[in-house]
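Quick notes on the structure that follows.
The values are calculated or read from the model by the stated rules, or taken from the named source; none is laboratory data. These numbers come from a predicted model, not from an experiment. When we count neighbours, we look across all protein chains shown, and the Cβ atoms used for this are built from the backbone with ideal geometry, even at glycine.
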Amino acid sequence: MPCTPNYTNRAVRVYQQGILLRTPHTGEPPTRGRKLTVDEKHTAEAPHAHYKQERNLHIAKRLQALCLLRRGTPTRQVARIVGVSRMSIHKWLTWYRTGGLDELTRRTRGGNRATPRSRLTPDQQARLIQHASTQGFRTLREAVVWCREALGVVLSERQMQRLFHRLGFRRKIPRPMVVRADAALQAQCRGFARR
């Protein structure tokens, strides 16, 4: 008696080879994993309204992905539409599940960085501002040397540049000056005027 192949084993084998095949039980293509569910924290219109009003492109992508997921679009397809990886979609979904739309829009690209704190105390900053406004610095290197000698604080030129920018100082660029006319030279040249 010949051996008949098992249909389900064949379906699994063919599916693993990349050919989409219908399962015998439901008639639908075999799926991997469980069905993704999105918690209903808001009405269906709330994420879409936020998406339409959002000006930050990165946050708008998250809201678009959330809208697509709520419509039942598969994660892989949402990732392809939005232009990010599936892991990003799952990360955004976790943020939404824990804190709703507020948590999803709160996070910014590049992390939640704290503002850089200054290495100078307020008294040292006041002395630096007073010296810069009265005597001035010709270069950043000169300011770094003055800081090291007068205040005892070692800063790099880049740190000094950022500090000046934060304090509102701008580089003073000298304007071109016209050389003043020499009266004696003009008098001498007048004798050679055209006749």
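A few remarks follow.
- Set 135, 159, 124, 130: member being of a type in the set (S, T, N, Q), out of contact with any Leu (no Cβ under 9 Å at 6 or more places or on another chain), surrounded by 15 or more Cβ atoms within 10 Å (Cβ to Cβ) and over 30 Å from residue 46 (Cβ atoms): 159
- Odd one out for residue 81, checked against (1) touching a Ser or Thr at 6+ places or on another chain (Cβ under 9 Å); (2) buried (at least 17 other Cβ atoms within 10 Å of the Cβ): (2)
- Remark: pairs (first residue in the range 139-166, touching a residue at least 12 places away in the same chain (Cβ under 8 Å); second residue of a type in the set (Phe, Trp, Tyr) and assigned to a helix (DSSP H, G or I); Cβ separation under 6 Å; 6+ apart in sequence or on different chains) are absent.
- Condition check for residue 130: of a type outside the set (A, V, I, L, M, F, W, C) and at pLDDT 90 or above: yes
- Selection within the range 130-173 - under 32 Å from the mean Cα position of the chain (by Cα), in a helix (DSSP H, G or I), closer than 12 Å to residue 119 by Cα and not basic (Lys, Arg): 159, 160, 163
- Qualifying residue in the range 102-112 (condition: of a type in the set (Val, Ile, Thr), surrounded by 10 or more Cβ atoms within 10 Å (Cβ to Cβ) and modelled with pLDDT under 85): yes
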